[in-house]
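The values are calculated or read from the model by the stated rules, or taken from the named source; none is laboratory data. Since this is a predicted model, take the numbers as computed values, not measurements. No Cβ is skipped: glycine too gets one built from the backbone with ideal geometry, and neighbour counts run over all protein chains shown. Side chains included, ligands, DNA and RNA excluded: accessible areas come from the protein's heavy atoms. Shrake-Rupley method; radii C 1.70, N 1.55, O 1.52, S 1.80 Å.
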Amino acid sequence: MVDLESEVPPLPPRYRFRDLLLGDQGWQNDDRVQVEFYMNENTFKERLKLFFIKNQRSSLRIRLFNFSLKLLSCLLYIIRVLLENPSQGNEWSHIFWVNRSLPLWALQVSVALISLFETILLGYLSYKGNIWEQILRIPFILEIINAVPFIISIFWPSLRNLFVPVFLNCWLAKHALENMINDLHRAIQRTQSAMFNQVLILISTLLCLIFTCICGIQHLERIGKKLNLFDSLYFCIVTFSTVGFGDVTPETWSSKLFVVAMICVALVVLPIQFEQLAYLWMERQKSGGNYSRHRAQTEKHVVLCVSSLKIDLLMDFLNEFYAHPRLQDYYVVILCPTEMDVQVRRVLQIPMWSQRVIYLQGSALKDQDLLRAKMDDAEACFILSSRCEVDRTSSDHQTILRAWAVKDFAPNCPLYVQILKPENKFHIKFADHVVCEEEFKYAMLALNCICPATSTLITLLVHTSRGQEGQQSPEQWQKMYGRCSGNEVYHIVLEESTFFAEYEGKSFTYASFHAHKKFGVCLIGVRREDNKNILLNPGPRYIMNSTDICFYINITKEENSAFKNQDQQRKSNVSRSFYHGPSRLPVHSIIASMGTVAIDLQDTSCRSASGPTLSLPTEGSKEIRRPSIAPVLEVADISSIQTCDLLSDQSEDETTPDEEISSNLEYAKGYPPYSPYIGSSPTFCHLLHEKVPFCCLRLDKSCQHNYYEDAKAYGFKNKLIIVAAETAGNGLYNFIVPLRAYYRPKKELNPIVLLLDNPPDMHFLDAICWFPMVYYMVGSIDNLDDLLRCGVTFAANMVVVDKESTMSAEEDYMADAKTIVNVQTLFRLFSSLSIITELTHPANMRFMQFRAKDCYSLALSKLEKKERERGSNLAFMFRLPFAAGRVFSISMLDTLLYQSFVKDYMISITRLLLGLDTTPGSGFLCSMKITEDDLWIRTYARLYQKLCSSTGDVPIGIYRTESQKLTTSESQISISVEEWEDTKDSREQGHHRGNHRNSTSSDQSDHPLLRRKSMQWARRLSRKGPKHSGKTAEKITQQRLNLYRRSERQELAELVKNRMKHLGLSTVGYDEMNDHQSTLSYILINPSPDTRIELNDVVYLIRPDPLAYLPNSDPSRRNSICNVTGQDAREETQL
C-alpha cells in the first residue's frame, strides 16, 4: 500500500511563515480557476424576463397594470362619446371622424404609447424563433389597431379626430384578466378551482360581447337614428335575450351588418364557453368540490377515508354516528378515490343526508385532496379497510399508507383506523384507536364456544339503540329481547353520579349490587383518575374512590335519566340492603328462601376438597340446614371471600393423587413463548412443559410418536371444537388463546381441531405447538370424509370461518353463497351439531338454517321488514340464528370504531371482555348454567346478590333457550278454534297484559312450549290466501311434510353411517334423530331485578381476576408460576 504522505507534493519555497501571516501574493499564478454559474441569467434579456414573466409577484403587478390601462382606455372612449354632440346629417364622414378634445386626445395617446411599448417588450421577451407567430396573435393585432393611429396622430395632427375603435380594448382587458388570475394563483401558492376560472371567463366574454355591440351600434348609428349609449344597451339586451320588442332597431345597412356579425360571433363563442362550463360542472359533481376553510373553522366535521364506498358501509356509519345527540351538528366529509356509485348518490340526495354529508373524490395520499377536505381542521379521521378485496394484505397496506399520509399532513387530527390483518397492526400504533378485524373476529368466535352467543352480546352492546325494537310484536320473548337490546355501556365520574355517589369508600361488588337493585344499572368496571387502565370487576377488595370513573350498562346514560320518588328511596335505603322490597315476591317465598341451599354454579365454579366454592359454610349436614344468601358487605371481609385458586393444581380436578400428579406434569401455566406476529397481548395460558413435535399436531396422520389417524382414536374426555378455515392466518392464534386462558379449569379444556384448506406454515406451528390438545388437519367442509375424520360426530361446536377467496364476488351479496350452502349441508347432516358461522354480509344471515315452508320463520322475516321500515339499525336482531349466536358478521362490529368517537373506552372494554387484553386486577367474561338445584334463587336480583356476596362475580345478562317442539296435533289448529281465537284475540291480549307485571319477569312455565297465540300470529302474518280456504289441505300437507322430513333424515343418517363404516370409524355417538330445529334462544342484557330465572338459563358473568386474590405475604407463590420457555422462544417473529 502506497504511503499517503508520499503522495502529497511538498510546499513550494514561497510558502514561508511570512506568506502564511500576510497571505499568498502569488495566487494569480496558481492553476485554479474561479467559475461563475448561471451566467445566462445575468444578461439584460434574462433579467427583463425574470421581472416581467418569471417572477410571480412582479409579473402579477405588470399584468394588473396592463389590465388597468385597458379599462382606462375603454373609460376614455365612453367619456368621448358622452361629451360629443351628435351632428346633423347622414354623411359617411361621421363614421370615420369624431370630435375629440385635446386633453382627451393626450390621455389616449399616453395610454396607447405605454400599451404598445409593453406589448412589443413582452413579444420580444417571449420570442421563440417564429416572428409571424408573435405578429399574427389576436391580442397583438388588436393592440396595433388601437395604439398605432394615436401614435401617428402625434406626427400628423390632422388625424387627431380620426375614429379609432378603442372599445376593442375590452377584449385585451379580458385577456389580461385571465393572465392575472393565473399569476395570482402562482403568487399565493394556492390553486383555485377550475370551475371558478371558467365562470369568470364566461362572464367576461359575455360582458365583452355586450360592450362591443353597444359601442359598435352606437357609432354606426351616427348616420342613422343617432342612438345614445343607453338606447344601444337596451337594444343589445333585448336582442341577446331573444325578446325583440322592435321599438329600437338599426336603420343603416352597416349597423345591421354589424348586428348580424355579433350574433354569429355570440352563437359560436358562447356555446363553447357553456360547454366547457357544463363539463367542469359535471367533473365537479364527480370530484365533490371543496370543503371551504371558513366552514371548517366555524363548523365541526369528521373525515371518512375509504378505498371504495358501498351503500351498506355508508349507512352503518351515518346511522351510528348520528345516533348520538351531541353529533347532530357535525358534518361528514367522505374522501374516496372512486366515483360515487348510483346507490350512494341517490342516498346522499336525501335532504337528511345532503345537508350533512359531503362527498369528495380524491386520495388521502395527496396533500391537495387532504387540503380540500380540510383535514387539519377535522375533529377526527376514520380510515376503513376494504374487506371485500381479494388480497386483504394489500388492502391493509393501502390503509397503512393512508394513515401515514394523514398523520404527516395533520399530526393533531385523531385517527380511528380499521385494519384487517393482526400482523399489520404495529405499523399504525400511533393511531388513537385501532380495531383489528381478525383479532376481534376469532376471539369472539372462540368465546361463542364456551359462552354461548358472545358475538350477539358484544354486537348489541356496541350498537346504539333505544330498546324499542319488537315492542309492537305480540311475542313476549321479542319484547323482552328487544327492550334489553337497548342497553349500552356508559361512563360517569363517581362523585358526579346519582347512581354511585353514595358508594364512595365501599367495595366494588357492594356498589354494583346495590346500584342494580336500586336503579337497575349494572356497574361492570372502574378506572382510577391517575391510571389509564380500565378494570372490569376488580372484585370486593377494590374500594370506590370519589374520582373513579365508573363504567355501567344501562338503557341510557345517567345524564339523560329522570329520578322519581327520591325521598322515599332514601328512607328505605337501609331496608333495601336486605332486598325485600324490590323483589316483589310473596312473603312465603321470602321466608322460604332464607333457608335454601346455596347456589351451585356448575361447569364454571372452582371446586376445592370441601366442595363447591359458592356454597356458604354450614354448621352440620347440608340436608338438615340450608344456609341463606349472605348480604353483600360494604367492605370485603378477606376471610369470607371464597377465591378460585386457579394457580394451584389441587382444585383443578377431582382426581386421585396419582392422576393429579400426572396431570401436573403434563400442563403448566405461563405466557406463550412464541407469538406469530408483533403486537399480540401476552396472556397467561395453560401450556405444555415441552412443545409438541410438528408431526404430532397433524390429527389424521400417524407418526413415530403416536399411531392415531382420527379424532375418535385419541379418546378425548371433552367434546371437540372444530374450526374450518381456508388458511391458518395469524388471527387464528387469537382463537386458541381465549380457550387456553389460565382461568379456564383444566377439566373443561376442549380439544381444538383446525380443519384447514391449505397446510399451515412453520411460523404458525411454532406458535400453537406449546398449547395442549391443539391439532390441525388439511381438508374441507365440502368433503364428508374430512368432516368425519376430524370428529364432527362428537364435536361440541363447529366454527365455520368466512374464506378470504370468496369474500369478493361480481354480485356483492353472493360472496357468502358457498359458505351458506356448506353450512346448510352440515345442518342437514348433523342436526345436533352447534354450528357457528361467519358471513361477509349481515343481510345473508336470513339464509342460515333456511326452512322455506316454516311459517314462524316467514313471520320473523316480515317482522324484520317492519322494524327496518321503522328506522331500526338492528332489524336483523330477531333472526333466530343471530339471536342464538349461531351466525356472525364482522361488519357488525364496524360500529365499535364509530362509537369510539364518543366513547373512547369502548375498544378497551371490548378487548377485555374478549380476552384480547389482560390487565392486572381486571376480571374476565365467563358463564354459568342454571340447573334445577339453582331454581330456588327465583329472581335475577337474588342471583346478583348471591354471586356478589359469595364469589364477587357480577352478572351482566342471561342467555335463554325456549323449546318450540310440537307434535303433529299441536301444530294443527282446528277451523272452529282458529275462527274463535281470531275474534277473541284482542280480549286475550288485554287480559294477558293485565295479568303480567310491567317488567321482564314472566313465568314461562305458565305457557305451553309454543303458545297457540304465537303460532296463530305467525300464521296470520304469513297467510296469503283467504281466511277460510284450504284448512284441510294444509293439515294433510303438514302431515306429509313430517313424514317426508323423517324419511329424509333417515336417508341422511344412512349416508353418514355408511361413510363412517367405510373409513373404519365407529358409528356410536352419531345421533341422527336429535333435531334442535325447534328451539329458540335469545339474550337479555342487564334484565330488571325481578326477572325470573328459568331452567337452562346461561348467565353471563364478569369474574374477578384470580391473581388479585393471591396473598401478599407469599411472594414466592406468585413467582413460582411456571413460565414455559424453550430454545425456540426467541426465534424471529414473522412480520
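Structure notes:
- Solvent-accessible area of the range 44-183 (1.4 angstrom probe, protein heavy atoms only): carbon and sulfur portion equals 70 percent.
- Relative packing of peptides 775-785, 909-919 - highest average C-beta neighbours within 10 Å first: 909-919, 775-785
- 5 angstrom amide H check on residue 330, placed H, neighbours 5+ away: none
- Most to least accessible of 156, 936, 92 (protein chains only, probe 1.4 Å): 156, 92, 936
- For residue 855, the accessible area of its heavy atoms, probed at 1.4 Å with every protein chain present, is near 20 square angstrom.
- Computed on the range 468-510, with alpha-carbon pairs under 8 angstrom and 6+ residues apart, the relative contact order is 24 percent.
- Solvent-accessible surface of the range 732-846, taken per residue with a 1.4 Å probe and all protein chains present: 29 Å².
- Heavy-atom accessible area for residue 118, with the other protein chains in place and a 1.4 Å probe, reaches approximately 20 Å².
- Around the amide H of residue 938, modelled in the peptide plane, lie the amide H atoms of 1093, all under 5 Å away and 5 or more residues distant in sequence or on another chain.
- In this view, the solvent-accessible surface of residue 338, computed with a 1.4 Å probe and all protein chains in place, comes to about 60 Å².
- For residue 923, the residues 5 or more places off, or on other chains, whose built amide H falls under 5 Å of its own are 536, 537, 1105.
- Restricted to Cα atoms, the range 411-463 shows a radius of gyration and a Dmax of 13.5, 43 angstrom.
- The range 340-353 - phi-based ³J(HN,Hα) in whole Hz, Karplus 6.51/-1.76/1.60, Gly and Pro as x: 5, 7, 5, 5, 5, 4, 5, 5, 6, 8, 5, x, 4, 9
- Protein accessible area in the range 428-551, 1.4 Å probe - carbon and sulfur %: 40 percent
- The residues packed around residue 424, meaning those with a beta-carbon under 13 Å from its beta-carbon, carry a net charge of -1 if Lys and Arg are +1 and Asp and Glu are -1.
- Here the Karplus relation 6.51 cos²θ - 1.76 cosθ + 1.60, evaluated at θ = phi - 60°, turns the backbone of the range 742-753 into coupling constants of 5, 7, 8, x, 4, 5, 9, 6, 8, x, 10, 10 Hz, with x for every Gly and Pro.
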